[in-house]
Structure formats: structure tokens, C-alpha cells
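See structure below.
Laboratory data are not the source of any read-out in this text; all were calculated from the coordinates shown. The structure presented is a predicted model; accordingly, all values stated were derived computationally and were not measured. FYI the Cβ positions are ideal-geometry reconstructions off the backbone, even for glycines, and counts take in every protein chain you see.
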Amino acid sequence: MRATFVKSFGRYAASDTSIREGRHPRLAPLALSMLAVALVSLGVAASHASAAASPSQLSTFVEPAAGFGFLGHAILGAKHTIDLSMYELEDPTIESELVTSARAGVDVRVVLDSEYGIASDNEPAATTLERGGAHVVFAPDDQIFHAKYLVIDGTSLYIGTANFQARYYSSTRDFWILDRNHADIAAAQATFSADFAHRSAALSTGSGDLIWSPGSTNALVDLIQSAKRSLLVENEEMDSYTIESALEADANRGVDVEVVMTYDSEWHSALSELASAGVHVHTLKESQVYIHAKVICADCTRSGGTVFVGSENFSTSSLDYNRELGVITAVTAVVNTVRDTVEGDYAQGTAKF
């Protein structure tokens, strides 16, 4: 069944496909819709022209080159607490490291997704962790928990675009951001604790640079619209009318918009429309590198720019209904790393449209 599911709905299963685009009756329940509107009205998804974090508080890891050893090191180095929210957990090494920490007396708490058959994929890991002393809960089955983040000892926040699926590590483009900003960490822990307890979560932006879903559309559109000269975009999906319209509007007003994705016929129509509007679209073959990253880079040069990295795909469900987490920052070291990586992927791609 798993092989059929992956073949039908993409390499990372339902987290990254148009099955989330309002085509399932549970994707847009009234309560979630009201929550999304409320968050926007409260300014949770407000514009982020630049991040409040200092350069020393943010650093970047690029996959597949970085590997996942830095996360294992962080897990094994924990002294007090580990909080992990993960869409898919199928990595025996990370599971073993979490158990080792739990048995050493670290309070390990884990939230795993349960929607669209993913619970069955996560159940072996959940069993392993619980037997090893970790505390595991499955997210409510009426909301997709697609966020990928890890908080260590209340001092380090890792925000990623990657699932913990070891079989994909060596062939997939993903990013991790290490955030040491205290306000960001406190905000992430507060949301995690509420999610762990199945309580309503207050989605704080921390120092102003965290981007949560439900309700992330406005912040990402604001970032796209902030570009004056150039915009780099990398995403696994292209199935959000609002995002696509913002990209087209940038191209129409003279911004050099470059989009790079792994080619999938599911996004052909959207990408063709972007290209017709003046967006420069390049696609990669999966054999080159699989683009699972979710990135926007506005006016990114050697001296500056603003970048978004997070779990949000460009789909209505991901932006408006799922639990997702990303970060927007103007820290130059992060901007340069992301820009260089996305430009490299774009250069390797082919203009099919």
C-alpha cells in the first residue's frame, strides 16, 4: 500500500501534493478557516521586511551535502529537554539517538502527523520511541502536521524543510536553519506544548521572523511583493493561485523572477502560465536532485536580501490549514548560502516552458 501511495501522490506522499488543495472534504473545516482569518486579522502573518535575529543567532545547513549528523549531535548533546514536531519519522539512527537521550534522563517529547495514512508510516517509530522512554503523541486527525522543527534544551531551534526519512537524504535538496534567538525558541516551544497537549495554539512570531501555518499566505505574498530587482523561488509544489499571481505580478513590473523545481506533470499547467507571464522557469530531473526545499529569496545579493525557508509548500492547504513553520531572515550568511544553492539548482535546470 505504501508503494502505491507514494507512486500516486509524489515522493513525500500526501504532505507535498495537490490532494491538499481543497479536494478532500476534511481539508477546509470551518474551525480551521476561522482560525486562519483570525490569525491574519491579528497580524500573525504580517509583512516581515527583515529578521530581528542577529548574525550570530542564525546558521544554515544545506542538504544533501550537510547530512543529518548535526541533528544527531544536537540530540545526543541535550541535557534537559528535546521537543520534536515531524511529519514523517522513518530514520532508525535519529530514533536511536532520541531513545539514548530519553534513557539518559532527557525529557523527550515528540508530535507526529496522523493524517492521510501517515500514521501507519509513523507508528513503528512511535513504538520505538515510547519503549525507549520518550513521550509521543499523534497530532489530531483533522489537521495535517507538516512542520519539521526541533527544540533542544530551550536554547536551540532547528527549523527544516526535510522529513526524517533516511532513504531520501542523499538525493534531496532541503535546508535546515539553526535559530538561537530566545524569542523564537520560546514561541516555538509554546506552540509545541499546546500541540502536544492537543490545545489551541497561539502562533507567536517570536522576534518577528517566524512564519506559521495556518495563516502564512500573507507573509509570503508580502515577501514576494517586496522584491524590487530579483526573486529566487524553489518549492516542491506550485498549486496556489495567490502565490502564482504574486509571482506573475512581480514579473509584470520588471522583477527578474526565477523559479526552479523538480519537474512533475502535476505542476505543468501552473509553470506554463508563470512562464507566459514572464517568470523564468527551470525544472530538474529527479535524477539530478529532488527539490523538496521551500524557499523564497528577495533581492538577494552578496550584500543583502531577505530569505524565507520553511515547511510551507505553495498550496492552499499548506498555507492556510496545515501546521507548518518557517523563518524569514535578512541575516547575510543565511541569504548568501540559500541564494548560492538555489542559483546553482536553477543553472542546472532546463527551461521547458
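With 28 Å as the limit, write out which pairs from LYS228/LYS285; LYS228/LYS352; LYS79/LYS148; LYS79/LYS294 have Cα-Cα distances beyond it, or answer none.
LYS228/LYS285; LYS79/LYS294
Placing +1 at every Lys and Arg Cβ and -1 at every Asp and Glu Cβ, with all other atoms neutral, what dipole size does the stretch 200-272 have around its Cα centre, in debye to the nearest 20?
400
Excluding SER85 itself, calculate the net charge of residues whose Cβ lies under 12 Å from the Cβ of SER85, where each Lys or Arg counts +1 and each Asp or Glu counts -1.
Charge balance in the 12 Å sphere: -2.
Count the net charge of all other residues whose Cβ sits under 13 Å from the Cβ of GLY160, scoring Lys and Arg as +1 and Asp and Glu as -1.
-4
May I ask which residue of LEU112, SER171, SER59 lies farthest towards the positive end of the charge dipole of the stretch 55-196, with charges of +1 (Lys, Arg) and -1 (Asp, Glu) on Cβ and the Cα centre as origin?
Farthest towards the positive end: SER59.
Take ALA333 and SER193, extend 7 Å from each Cα along the Cα→Cβ direction, and tell me the distance between the two endpoints in nm.
3.0
For a quick check: sort TYR321, TYR346 by the number of other beta carbons within 10 angstrom, fewest at the front.
So the residues, fewest neighbours to most, are TYR346, TYR321.
Sorted by average packing, counted as other Cβ atoms within 10 angstrom per residue and highest first, what order do 264-271, 237-244 take?
Ranking, from highest mean packing down: 237-244, 264-271.
Where does the charge balance sit around THR301 when Lys and Arg score +1, Asp and Glu -1, over other residues with C-beta under 10 Å from its C-beta?
+2
Which one, VAL260, ILE243, ALA201, is farthest towards the positive end of the dipole of the stretch 170-299 when Lys and Arg carry +1 and Asp and Glu -1 on their Cβ?
Ranked along the dipole, the leading option is ALA201.
With +1 on each Lys and Arg Cβ and -1 on each Asp and Glu Cβ, and nothing else charged, work out how big the dipole of the stretch 55-196 is about its Cα centre, in Debye to the nearest 20.
Magnitude of the dipole: close to 520 debye.
Please rank SER226, SER245, fewest neighbouring Cβ atoms within 10 Å first, as an exposure proxy.
Arranged by neighbour count, lowest to highest, SER226, SER245 become SER245, SER226.
Determine, for each peptide in 311-319, 92-100, 179-187, the mean count of other beta carbons within 10 angstrom over its residues, then list the peptides with the highest first.
Top to bottom by mean Cβ count within 10 Å: 311-319, 179-187, 92-100.
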